[in-house]
1. Somewhere in region 131-145, is a residue charged (D, E, K, R), within 30 Å of Leu242 (Cβ to Cβ) and modelled with pLDDT under 90?
2. Take Glu307 and decide whether it is within 27 Å of Gly335 (Cβ to Cβ), acidic (Asp, Glu), touching a residue at least 40 places away in the same chain (Cβ under 8 Å) and open to solvent by 10 Å² or more (accessible area, probe 1.4 Å).
3. Return the only residue of Leu320, Leu326, Leu309 being of a type outside the set (Val, Ile, Thr), in a helix (DSSP H, G or I) and closer than 18 Å to Pro258 by Cα.
4. Out of Glu273, Glu254, Glu339, Glu346, which single residue is touching a Phe, Trp or Tyr at 6+ places or on another chain (Cβ under 7 Å) and either at positive phi or not aliphatic (A, V, I, L, M) (or both)?
5. When you go through Gly217, Gly237 one by one, which is the residue that is at positive phi and either modelled with pLDDT under 80 or of a type in the set (Asp, Glu) (or both)?
6. Which of the residues that make up region 92-144 are under 25 Å from the mean Cα position of the chain (by Cα) and open to solvent by 70 Å² or more (accessible area, probe 1.4 Å)?
7. Quick check: is even one residue across region 248-270 at pLDDT below 90, open to solvent by less than 10 Å² (accessible area, probe 1.4 Å) and outside any helix (DSSP H, G or I)?
8. For region 77-86, check the following and say yes or no: at least one residue is among the small types (Gly, Ala, Ser), surrounded by 11 or more Cβ atoms within 10 Å (Cβ to Cβ) and modelled with pLDDT of 90 or more.
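The values are calculated or read from the model by the stated rules, or taken from the named source; none is laboratory data. Keep in mind that this is a model prediction, so the values were computed, not measured. Here the Cβ positions follow ideal geometry from the backbone for every residue, glycine too, while neighbour counts run over all protein chains shown. Heads up: the accessible areas ignore ligands, DNA and RNA and are worked out on the full protein's heavy atoms, side chains in. Shrake-Rupley method; radii C 1.70, N 1.55, O 1.52, S 1.80 Å.
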Amino acid sequence: MPLHVGPGWAHLSLECTERTESLTLAQNGIRTLEILPRDQVVLELLETIEPSHAVLQRCKLLKATGIHLALDDHRFDPAFEPLYEVVDYVKVDLAAATAEQVEETTERLGGRPLSLLAEKVETPEQFRRCLDLGFAYFQGFHFARPSVLEKRRLDEAGTTLLKLLRLVNEDADARAIERALRESPGLTYKLLVLVNSVAFGTRQRISSVRQAITMLGRAQMRRWLQLALFASDDRRGLEDPLVDLAAVRATFLERLAPLHPALSGARSRGVREQAFMVGILSLLDRVFSVPMAEIVDSLRLTAAAGEALARRAGPLGQLLSVAEQLESLDVEGAGAMLEASGIDRERAFSALRLAYSWRTTLR
């Protein structure tokens, strides 16, 4: 059951059982729909799907719940006429269809209440041709080539970030944090831009590093530093998809922590912050050529946070495992772990839905 979540797209395989003539989704797939933000994903109907009555009825039900639908790797076929009235997008693979087939598809589907998307657009000529044919959306190497995630060494900026994060965690005074920031003019500039931005919501212009530290506050500075670790020497900065994953995972853990019986109560605020940090740091070993044990030691983390990161142990480790299972679409495994931890599944899924939206506040 393939699922790919990219910039606004998701696809699940749909099947129809011959015996019952009723549409079924792979069990994990249907549960995944409960937690995905419906205004940010599109459900793709793979090219292997049969346009049966059961498929049509299920698609109508999904459409009624607000889910957008797309036909993937498609060429015009009269058998799909009923589905053309339901789907929002039709994706045409330029590499798998002849020029005549592409033209026929655009001619037959033109004027319908759906949009055409061209896949595998690799040259300017293909792009201009697709524009002329009426395509509204495009994918392919002509626009962006895939980048390979390679681990990088912890450079000077990354080392400074870890030092700053340790100081914030230890509640060091503003003067110590300011001295550390001076070691990286680039970070100082980014901090001033962040605090002076309209998005920060203050009319007071910031004129000094110490004033910026005070205005931002320790909690927000901690989060900024944690996310900046992913972008210390990357041209994509906070637009890196890995930052998206880190932000969602961390916010999910933050919202999930108070629901855990062992983490709720008077200490919930501190636990929320710790859970957020565990979520962020749990991905650092994917970015840097530094073992997780070394990262834990350099930040002087609490035993609970360290155990969670190193061995997925303790309540925070349980929450981290739940997040990782949901990311890999092991919804049943995550549900079993939630149940064992005493956390209501619906409240957990609600927390994940809210976590998806937090990332947009960082752009």
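1. Of the residues in region 131-145, the ones charged (D, E, K, R) are 132, 145.
Going one step further and asking which of them are within 30 Å of Leu242 (Cβ to Cβ), we end up with 145.
From what's left, modelled with pLDDT under 90: 145.
Scanning region 131-145 turns up at least one residue that is charged (D, E, K, R), within 30 Å of Leu242 (Cβ to Cβ) and modelled with pLDDT under 90.
2. Numbers: within 27 Å of Gly335 (Cβ to Cβ): yes; acidic (Asp, Glu): yes; touching a residue at least 40 places away in the same chain (Cβ under 8 Å): no; open to solvent by 10 Å² or more (accessible area, probe 1.4 Å): yes.
Spelling it out, it is not the case that Glu307 is within 27 Å of Gly335 (Cβ to Cβ), acidic (Asp, Glu), touching a residue at least 40 places away in the same chain (Cβ under 8 Å) and open to solvent by 10 Å² or more (accessible area, probe 1.4 Å).
3. Just a single option satisfies the conditions, and that option is Leu320.
4. Working: Glu273 fails: touching a Phe, Trp or Tyr at 6+ places or on another chain (Cβ under 7 Å); Glu339 fails: touching a Phe, Trp or Tyr at 6+ places or on another chain (Cβ under 7 Å); Glu346 fails: touching a Phe, Trp or Tyr at 6+ places or on another chain (Cβ under 7 Å).
Selected residue: Glu254, the only one of Glu273, Glu254, Glu339, Glu346 that is touching a Phe, Trp or Tyr at 6+ places or on another chain (Cβ under 7 Å) and either at positive phi or not aliphatic (A, V, I, L, M) (or both).
5. Numbers: Gly217 fails: either modelled with pLDDT under 80 or of a type in the set (Asp, Glu) (or both).
Selected residue: Gly237, the only one of Gly217, Gly237 that is at positive phi and either modelled with pLDDT under 80 or of a type in the set (Asp, Glu) (or both).
6. Once the filter is applied, which keeps residues that are under 25 Å from the mean Cα position of the chain (by Cα) and open to solvent by 70 Å² or more (accessible area, probe 1.4 Å), region 92-144 yields Lys120, Tyr137, Phe141, Phe143.
7. Looking for residues that are at pLDDT below 90, open to solvent by less than 10 Å² (accessible area, probe 1.4 Å) and outside any helix (DSSP H, G or I), one finds none in region 248-270, hence no.
8. No, that holds for no residue.
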